[in-house]
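See below for the structure under consideration.
The values are calculated or read from the model by the stated rules, or taken from the named source; none is laboratory data. Worth saying up front: this structure is predicted, and the values here are computed from it rather than measured. Note: ideal-geometry Cβ built from the backbone for every residue, glycine included; neighbour counts use all protein chains shown.
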Amino acid sequence: MIQNNYFLDNSDLMLHFEEVIPWTEIITQYEGDFEDYKKFQETNDEKFSHAPSDMDSALEYYKEILTSTGSIAGKSIAQNASEMDKIGVKYENGKVIFPEIMNKIYKSYHESGLLNFMLKKESGGLGLPVTVYNMIFEIVSRADISFVMTLAANTIAETIEKYGTLELKEKWIPKFLSSEYTGSMALTEPDYGSDLINLKTKAVKQPDGTYLLTGTKRFITHGCGMSNFPAILLTLARTGEPGSGARGISFFVVDGKNVHISGIERKMGIKSSPTCEVVYENSPAEIIGEEGLGLTKYALGLMNGARLAVGTLGVGLATAAYEEAKRYSGIREQFGKPIKEIPAVQKMLDRMEREIVAMRCLNMEAAHSMDKYIWATERMKEKGISEKEIRKDETIKYWERISSLFTPIAKYYCTEMSNSIAYDAVQVHGGVGYTEEFDVARIYRDARILTIYEGTTQMQIVAAIGGIVAGMAPNAYLKKYIDSLMKSFSPSKISQKILALLEKAISLYKNLETKEKEYYAFEVVEIATKLLCGLLLEKSVEKLKDEEQKAKRRKIAFVYAKDSFSISQKNYMNLQLVNKEEVDFD
Ligand SMILES: Cc1cc2nc3c(=O)[nH]c(=O)nc-3n(C[C@H](O)[C@H](O)[C@H](O)COP(=O)(O)OP(=O)(O)OC[C@H]3O[C@@H](n4cnc5c(N)ncnc54)[C@H](O)[C@@H]3O)c2cc1C
């Protein structure tokens, strides 16, 4: 793998950091009036010692964290990714054994102080807005999407921080901070994956208010914890009667010392990430929040963040695939010249670059949309405003809806595209791409999981279609979002045409029967996704100061929009055909 700082060497990511991301807005929402800095001045409490005092120091603080992450990712994790993959995790006598090099890197990551990036400063974490910790995921996943799962597992601490009682927080959060425990999210069961509403693991309430859980969870990443450190398993279980649906499901914290790991999966990729079968037999558990809101409120919140993160893993992995392909195309010679000078190879590289740039725009906007409502909600809560009142706030409502739509769209698009980019990276390598001698073979195997876990692509389409159809009604939120985006710069004619196709496609889609709607939902979601990516990409062109860079990006945006137009036309045609409309093939 290329050895470099994976933040500083990535010119497109740097462009977002330096020019595109509206930091003033985000910092104002997240840091408020820089209260954490003031707390440090007043109390000298170590937890707030790194709190920024103003806009510039906040930005400097984020940059420092991203630069240190970029260094660990590119110089340590990436350089050992192939070795970790080769050794993989093993299951022996009821215990999961990790590659020794992985234990070492995890330990040094913890010692660097960068591990708890998802917790607030008051909890002892780094205290970062979503946009920044989303960039951390991108940088580390470019190095290795197996290793990045150790970071993802720890993000469950955020759910305890957000919804747990004070007692629960005081008991478990210090254990994350010390790395005495790691995290895990236990939702899936052998018979219930996409269909979580019907899961069976049973929770029985005890006289002291705790619960005992019995059942089996399958495919649980880091269910075994990490090396000698057990997991804290956030577990979905049924408190209602069998058949009580989503309202009968609650969310629990379970100490990994009280479950049995009955095995791990032998997988196609992400071989150093353990995927465990976890058996609960009257395992003691503490409830998070209220009974019956496990799936609909707490797990959904966790899943939204996790879905954004998996989309981000797609951007990171695609970047690794592209960079490896670009490097190889410069050193491999055929017909007396480097293969990058052969137009057919150049075409593959150009498409990879174009798609990554578009994916990153979409993904950054998805992260930004979370920052737009989460912290405003928290500030209102701090002021004692009730949840009911907060839910009436029009700005919060608007951004929460945009975010709920951008999350499945970004998850679907960035993970599907990462697979297609990994495919081309192998192709650029020719025969050696099919061997384990080069990293692209591992990257290609690893990519395959991204469209499956945290909800398959098909489930993301189910999650997105309603929001697109309802959101594009006159005066509805998506229509408003697109209108305001298009007013903030000069959109191309092609993008305007894609918007017209989306509107026409939605009206044809509305005529369909239920089953046909499920069949053709993808057509509509794809047009909307291409439109959003294209518009965000075009807008980013205007942020560039350097004329040469601007001209290059404008060309990328044009080719992207042109491709999107033909895809949108094809999708629209499918909807015309199912509506029995006449299609003009001339
Ligand atoms: C390596 C790995 C790690 C994982 N980590 C975790 C973890 O940490 N925690 C956890 O809880 N789970 C985890 N999972 C489970 C993962 O989230 C599920 O595998 C995934 O949600 C799909 O569920 P399933 O495997 O049961 O597939 P199924 O639900 O059986 O789906 C099979 C096919 O049917 C389609 N399908 C099903 N229902 C619908 C529908 N209504 N509409 C359209 N299409 C549909 C799916 O898209 C898919 O193509 C992991 C899985 C793997 C492989």
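Being at negative phi, part of a helix (DSSP H, G or I) and touching a residue at least 60 places away in the same chain (Cβ under 8 Å), is that true of even one residue in region 89-100?
First, pick out the residues of region 89-100 that are at negative phi: 89-92, 95-100.
Next, from what is left, pick out any that are part of a helix (DSSP H, G or I): 100.
Okay, now just the ones that are also touching a residue at least 60 places away in the same chain (Cβ under 8 Å), so none.
No; the residues of region 89-100 include none that is at negative phi, part of a helix (DSSP H, G or I) and touching a residue at least 60 places away in the same chain (Cβ under 8 Å).
Which numbered condition trips up Lys297, out of (1) part of a loop (DSSP other than H, G, I, E, B); (2) of a type outside the set (Gly, Ala, Ser); (3) surrounded by fewer than 20 Cβ atoms within 10 Å (Cβ to Cβ)?
For Lys297, the exception is condition (1).
Quick one: would you say Ile465 is farther than 23 Å from Ala152 by Cα and either surrounded by fewer than 19 Cβ atoms within 10 Å (Cβ to Cβ) or not basic (Lys, Arg) (or both)?
Details: farther than 23 Å from Ala152 by Cα: yes; either surrounded by fewer than 19 Cβ atoms within 10 Å (Cβ to Cβ) or not basic (Lys, Arg) (or both): yes.
So Ile465 fits the description; yes.
So which pairs qualify, if the first residue must be in region 200-228 and within 13 Å of the ligand (Cβ to nearest atom), the second must be part of a loop (DSSP other than H, G, I, E, B) and of a type in the set (Lys, Arg), the Cβ gap must be under 7 Å, and the two must be at least 6 apart or on different chains?
The qualifying pairs are Gly215/Lys200.
Are any of the residues in region 269-286 within 15 Å of the ligand (Cβ to nearest atom), over 23 Å from the mean Cα position of the chain (by Cα) and over 26 Å from Arg445 (Cα atoms)?
As a first pass, look at region 269-286 and keep what is within 15 Å of the ligand (Cβ to nearest atom): 269-280.
Adding the requirement that they be over 23 Å from the mean Cα position of the chain (by Cα) leaves 277-280.
Those still in the list that are over 26 Å from Arg445 (Cα atoms) too: 279-280.
Yes, region 269-286 contains a residue that is within 15 Å of the ligand (Cβ to nearest atom), over 23 Å from the mean Cα position of the chain (by Cα) and over 26 Å from Arg445 (Cα atoms).
Evaluate the following for Thr235: is it polar (S, T, N, Q) and within 13 Å of the ligand (Cβ to nearest atom)? Give the steps one after another, and end with the answer.
Values: polar (S, T, N, Q): yes; within 13 Å of the ligand (Cβ to nearest atom): yes.
Yes; evaluated as a whole, the condition is true for this residue.
For every residue, the table says whether it meets (1) part of a helix (DSSP H, G or I); (2) closer than 22 Å to Tyr30 by Cα.
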position	(1), (2)
Lys372	yes, yes
Arg401	yes, yes
Ala425	yes, no
Val432	yes, no
Glu437	no, no
Arg448	yes, no
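Residue under question is Gly113, and the condition is that it be at positive phi and either assigned to a loop (DSSP other than H, G, I, E, B) or in the same structural domain as Ile136 (by TED's automatic domain parsing) (or both); does it hold?
Values: at positive phi: yes; either assigned to a loop (DSSP other than H, G, I, E, B) or in the same structural domain as Ile136 (by TED's automatic domain parsing) (or both): yes.
Judged against the criteria, Gly113 is a match.
Which of the helices (runs of 4 or more DSSP H) contained wholly in region 138-199 include at least 3 residues that are surrounded by fewer than 21 Cβ atoms within 10 Å (Cβ to Cβ) and of a type outside the set (A, V, I, L, M, F, W, C)?
Those helices (runs of 4 or more DSSP H) span 156-163, 166-177.
Please state which one of Ser112, Ser184 is of a type in the set (Ser, Thr, Tyr) and within 16 Å of the ligand (Cβ to nearest atom). Reasoning before the result, please.
On the way: Ser112 fails: within 16 Å of the ligand (Cβ to nearest atom).
On inspection, the qualifying residue turns out to be Ser184.
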